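J.: Sending over a structure as structure tokens; questions will come in a sec.
Read the figures in this text as sums done on the coordinates, not as results from a lab. All of these numbers come straight from a predicted model, not from anything done at the bench. All Cβ positions, even for glycine, are placed from backbone atoms using ideal geometry, and neighbour counts span all protein chains on display.
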Amino acid sequence: MPELQRLRADHAPAVLAFESANRAYFAASVSDRGDDYFTHFAEQHEALLAEQEAGVCAFHVLVDEDGSVLGRFNLFDLVEGRTADLGYRVAQHVAGHGVATAAVEELCRLAATRHGLRTLRAATSDTNIASRKVLSKAGFVPVGPALPAEIGGRQGTWYERTLTPAD
């Protein structure tokens, strides 16, 4: 059974393999990370861990039983006791099987219990139907338009979910 784990240094090879294997799939719905991301992956992974250590973000990977990464689920711009932005992506071979919804729901629980957050926000492009379904199933509601600059140059919508300690 896949497990949502806090990002660690030893996840780097599996995260890079996940990003590389799914690059074209992701680029169909979100901006491509670009070649520099893959060329300088080790430095970027270390920078993410430093941000996490500083408490401004909380990064998670969904790890399969074989150690491969099935998805990334992240909280950005954490404001302790208040809010954060949610971002996520799942591997193409597990998309449409409820994996993203289950992991987003688990991350909502962690956001409320571990980080004391009361609200999560997420933006998605209007053409990313799968992401819109995930957010809706996980209890997020649309709250307004997202600027193209906020989601890779595409038209989109911000979603929000109010959290409770029981989440």
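J.: Quick check: Cα centre of the range 131-149 to Cα centre of the range 59-80, how many Å?
T.: 19
J.: Restricting to DSSP loop positions (anything but H, G, I, E, B) with no more than 14 other Cβ atoms inside 10 Å of their own Cβ, which trypsin sites (Lys or Arg not before Pro) remain in the range 1-99?
T.: Passing both the DSSP loop test and the Cβ count: R8, R33, R82.
J.: Quick one: 3J(HN,Hα) in Hz for the range 147-157, Karplus 6.51/-1.76/1.60 with θ = phi - 60°, rounded, Gly and Pro as x.
T.: Whole-Hz 3J(HN,Hα) from phi for the range 147-157: 5, x, 5, 7, 9, x, x, 10, 6, x, 9.
J.: Moving to a separate point now. Just to verify a number: FRET efficiency for S20 and D64, C-beta to C-beta distance, R0 = 22 Å, to 0.05? Intermediate values should be presented prior to the final figure.
T.: Details: r = 16 Å, r/R0 = 0.74.
The calculated FRET efficiency here is 0.85.
J.: Considering the chain as a Gaussian network with a 10 Å cut-off on Cα pairs, which listed residue, S136, S31, S125, attains the greatest mean-square fluctuation?
T.: Evaluated over the chain, the most mobile residue of the options is S31.
J.: So how much slack lies between R109 and V141, counting 0.36 nm per residue of separation and subtracting their Cα-Cα distance, in nm?
T.: Taking 0.36 nm per residue and subtracting the Cα distance, the gain is 9.8 nm.
J.: Out of all DSSP beta bridges in the range 22-167, what portion is antiparallel? Express it as a percent rounded to 5.
T.: Counting DSSP beta bridges with both partners in the range 22-167, the antiparallel share is about 90 percent.
J.: Still on this structure, please answer the following. Given an 8 Å cut-off on Cα distances and at least 6 residues of separation, report the relative contact order of the range 3-118 as a percent.
T.: With pairs under 8 Å counted, the relative contact order is 25 percent.
J.: Can you work out ³J(HN,Hα) from phi for every residue in the range 5-21, in order, using Karplus 6.51 cos²θ - 1.76 cosθ + 1.60 and θ = phi - 60°, giving whole Hz and x for Gly and Pro?
T.: Working through the residues one at a time gives 10, 5, 4, 10, 4, 6, 7, 3, x, 6, 5, 4, 4, 4, 5, 5, 5 Hz.
J.: Could you give the spread of the C-alpha atoms of the chain along their three principal axes, from largest to smallest, in whole angstroms?
T.: Between the extreme Cα coordinates on each principal axis of the chain lie 37, 32, 30 Å.
J.: What's the whole-number percent of alpha carbon pairs in the range 33-75 lying beyond 15 angstrom? Write out the running numbers ahead of the final one.
T.: On the way: 504 of 903 pairs.
When every Cα pair of the range 33-75 is considered, 56 percent fall beyond 15 Å.
J.: Another question, if that's okay. Using only DSSP helix segments of four residues or longer, with each worth -39500 (n - 2.57), what per-residue ellipticity at 222 nm results for the chain after dividing by its residue count and rounding to 500?
T.: Helix-only estimate at 222 nm: -10000 deg cm²/dmol.
J.: Within the chain, which is the longest segment that contains none of the GluC sites (Glu not before Pro) sitting in a DSSP loop with at most 16 other Cβ atoms within 10 Å?
T.: 81-167
J.: Let me ask something additional. Determine, for F140, F41, the number of other Cβ atoms within 10 Å of each Cβ, and report the residues in order from fewest to most. Write out the running numbers ahead of the final one.
T.: Working: F140 22, F41 17.
Ascending number of Cβ neighbours within 10 Å: F41, F140.
J.: For the range 62-77, in order, what is each residue's ³J(HN,Hα) by Karplus, 6.51 cos²θ - 1.76 cosθ + 1.60 with θ = phi - 60°, in whole Hz (x at glycine and Pro)?
T.: Result, rounded to whole Hz: 9, 9, 7, 4, 8, x, 6, 8, 9, x, 10, 9, 10, 10, 10, 6.
J.: Could you give the nm distance between label points at A149 and S31, where each point is 7 Å from its Cα heading toward the beta carbon?
T.: Computed distance between label sites A149 and S31 equals 1.1 nm.
J.: Can I ask one more? What FRET efficiency comes out for F38 versus V94 if R0 is 25 angstrom and r is the Cβ-Cβ distance? Round to the nearest 0.05.
T.: Result of the calculation: an efficiency of 0.70.
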